[in-house]
1. Just name the residue that is nearest to ligand 1 (Cβ to nearest atom) out of those in the stretch 305-333 that are part of a loop (DSSP other than H, G, I, E, B) and under 23 Å from Tyr244 (Cβ atoms).
2. If you take the residues of the stretch 663-693 that are surrounded by 19 or more Cβ atoms within 10 Å (Cβ to Cβ) and within 29 Å of the chain's Cα centre (by Cα), which of them is farthest from Tyr751 (Cα to Cα)?
3. Out of (1) within 16 Å of Ala551 (Cα to Cα); (2) among the polar types (S, T, N, Q); (3) crowded, with 16+ Cβ neighbours inside 10 Å, what's the single condition that is false for Asn596?
4. Keeping to the stretch 755-782, report how many residues are within 15 Å of Glu707 (Cβ to Cβ) and hydrophobic (A, V, I, L, M, F, W, C).
5. Please find, within the stretch 608-624, the residue that is surrounded by the most Cβ atoms within 10 Å (Cβ to Cβ) out of those that are of a type outside the set (Val, Ile, Thr), under 13 Å from Tyr553 (Cβ atoms) and under 29 Å from the mean Cα position of the chain (by Cα).
6. Out of Leu101, Leu69, Leu115, I need the residue that is within 23 Å of Leu528 (Cα to Cα), part of a strand (DSSP E or B), modelled with pLDDT of 95 or more and touching a helix residue (DSSP H, G or I) at 6+ places or on another chain (Cβ under 6 Å). Which one?
7. Do you know which residues across the stretch 417-459 are more than 16 Å from ligand 1 (Cβ to nearest atom), under 19 Å from Val497 (Cα atoms) and at pLDDT 95 or above?
8. For Thr641, state whether it is surrounded by 14 or more Cβ atoms within 10 Å (Cβ to Cβ) and of a type in the set (S, T, N, Q).
Amino acid sequence: MKKLNRALFAGALALVCTSCHKVTEANYQVIPLPQEMNFTKETPFELDGNTTIVYPENNVLLKRNAEFLAEYLTQAAIGIDNPPTQAVAEGAEVKGQTIVLGLDPTIENQEGYVLTVTPKNVFIKGKTENGVFYGIQTLRKSIPPTKTGFENIALPTGTIKDAPRFSYRGMHLDVGRHFFPVEFIKEYIDLLALHNMNTFHWHLTEDQGWRIEIKKYPKLTEIGSIRNRTVIGRNTNEYDNTPYGGFYTQEQAKEIVKYAQDRYITVIPEVDLPGHMLAALAAYPDMGCTGGPYEVCPRWGVFEDVICIGNEKSMQFLEDVMAEIVEIFPSEYIHIGGDEAPRTRWEKCPKCQARIKAEGLKADKEHTAEDRLQSYCMTRIEKFLNSKGRRIIGWDEILEGDVAPNATVMSWRGSEGGIKAAQMGHDVIMTPNNFCYFDYYQSADSKDEPFGIGGYVPVEKVYSLEPTASLTEEQAKHILGAQANLWTEYIATPQHVEYMILPRMAALAEVQWTQPEKKDYKDFTSRLARLIKLYERDGLNYAKHVFDIKAEYNSTKEESGNSNGAIVAVLSTIDNAPIYYTLDGTEPTSASQLYNRTGVVIDQSADFRAIAIRPEGTSKMIEKKISFNKATLRPIELIGTQPAPKYSFGGANTLVDGMIGNESYSSGSWLGFIDGDVTAVIDLGNPAAVNAEPIKVKRVATHAIVELNSWIMGSTGLVVSVSDDNKEFREVASKVFPAETDINKKEIGNYEVTFEPVNARYVKVVIKRTPALPKGHAGEGKVPFLFIDEIEVE
Ligand code: ACM
Ligand code: ZN
């Protein structure tokens, strides 16, 4: 339809049909939440097929922004198809219903924008074109993602003033473990744009595959991009014996850089050195300490064969690679890795030892000479890149030794490295694994996600990240921003990538963009439901865990018919969907007990199950086995060996909280011990204080995870003693359990010992660990983890 006709047609409709003309209001409560909004309650601006997008003449960036907006409005399928875009001369009058893009030098932040809606116009102004782009993103997310009938979109009048909190807002993608095609990389970049992110960290090289063409070293891709086989499952001893490969030509990489640039996104390439280099070593064995032979790595993990820093040819190789990388990628920063580089080869290599000597690298109390050898390598590459006008980013391992002087540190092993680096005056990007590793599970239940890599990072956890926590105001200035990382050992398809990043990316977007005082998880989830509609429209395979029932189990001494106390199950969903539950292990239905929103009090053994029922369907069922016995909710103390900090969760009380852990060792129900046997003393209560009979005990049981692929083994024995005073203990029973020998075993082990009834106030249980991983295991002879839960006393 020609423009004039279209205007006449719409006008006629308006005349004929003003009363039937349905209007849907836009909603500016988007993700990330803008910093400031003020509404004026005038007649809303009506976005319809007549709306024109105008931009200043001769501004090619704003012209492109106008085209993006036209594309977004068309995608929204709200009855606006390819709205016209039009250049206007400065000072020229703009007629009709228009969205006006422009620059405003008075806006402070380089990426800031002001979006003003009046009855006649929408103005999106930025200090830069970049800022205008974010105003467009906000407008795009404010309108319904799809049409729900014949309707126009009403934009409430007012002003949004917005700017990001952090200047670095990143997402990482590992294309080494699995390769993703150019078209998908573009989709990934589009998702960054949708979430107001501005940096794509492209992890291009790995042990398992070298993915970027380097012209001076063609074998890097000829040989290094293909592994001949891939391990099946979680590092079993079986392989698929199928070649797997893929790489990006320099032309393709440049195409990605341009695609990202058009969307105000910087691509930061990572060439990970001196570790994670097996693919390169397979191509050029001379670059390793032993000379090989090497294989493009078919397994996952950290490997001892790394670059030989003593060999000048290897150092030249790294510089040559970087020389081509800077020609492809114009980013200010180049990421040079530095993580997980074992020192074992360097310790034995004559060339590396000669380099240590020649450079005068010395060990001290904290660092070995080999740590300093790695620092030598990082600093040398930093100098090389500085000479090309670039700066380096390295993983937090670069703090071990002498930190390359101008390096920006990417903190991944928690936030500690980043905090230390900021205190030392280095710039920092926060990507702490416990908040930002999107390869970690999204569900506390590992059954749901057999190939998560461990760790539990639900949307709420991502949302709770505060990148500047524990820093002074001055130190906090060194935190450039935050990023999530997606390592792809167990993620082989674009659909699986989408599932791992969405909607966690939405939570991250708000960490990166929105000021902390405006952040509120509950409010976020209500806005998330709308963003998810857009994911649905675009056919994205987002994870649905946010709609699951959230359950908290607290203990109480009140309201209980049981002298030990009771457990209160408090349930919620992000959309307040009705929840139904049972206590007898039967599947709940809409005929079951309706949850009353205050909590279910449970004071005896139960098999608790609950579901949320929505018109669209039934949620995943939550299930909790609750066991009440003499130890439940009683005081408990661990003597000696304590759980590893990462797996200590609620502490010793976890073992008598009445709740039996499921298959997932990282769910919070299990305590994980790295070393030593576990000794617990439980106070069963003083019967004299309540004039009761002495407490009799005749059975003690516990449970442990057996999951040899994850280096976790069960118990090999229980020893039970009793005492009246918590001082003198008398052994009453012990039992030995055989150590597991099947290296693929995965189960929950049950361990119990029964004996003649004895009177007891205090019960001491020693839970013996398995001393070593069995023959044939990748960690043969090493000490496995011991994960235990729930000590039962009857
Ligand atoms: C890392 O996760 N190895 C940086
Ligand atoms: Zn060497």
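The values are calculated or read from the model by the stated rules, or taken from the named source; none is laboratory data. Note that the structure is predicted; figures quoted are calculated from it, not measured. Glycine gets a Cβ as well: all are built from the backbone with ideal geometry, and neighbour counts include every protein chain shown.
1. By that ranking, first place goes to Val306.
2. Looking at residues that are surrounded by 19 or more Cβ atoms within 10 Å (Cβ to Cβ) and within 29 Å of the chain's Cα centre (by Cα), I get Ser666.
3. Exception for Asn596: condition (3).
4. 2
5. Restricting to residues being of a type outside the set (Val, Ile, Thr), under 13 Å from Tyr553 (Cβ atoms) and under 29 Å from the mean Cα position of the chain (by Cα), the top hit is Ala610.
6. Being within 23 Å of Leu528 (Cα to Cα), part of a strand (DSSP E or B), modelled with pLDDT of 95 or more and touching a helix residue (DSSP H, G or I) at 6+ places or on another chain (Cβ under 6 Å) holds for just one of Leu101, Leu69, Leu115, which is Leu115.
7. Matches in the stretch 417-459: Val459 only.
8. Answer is yes for this residue.
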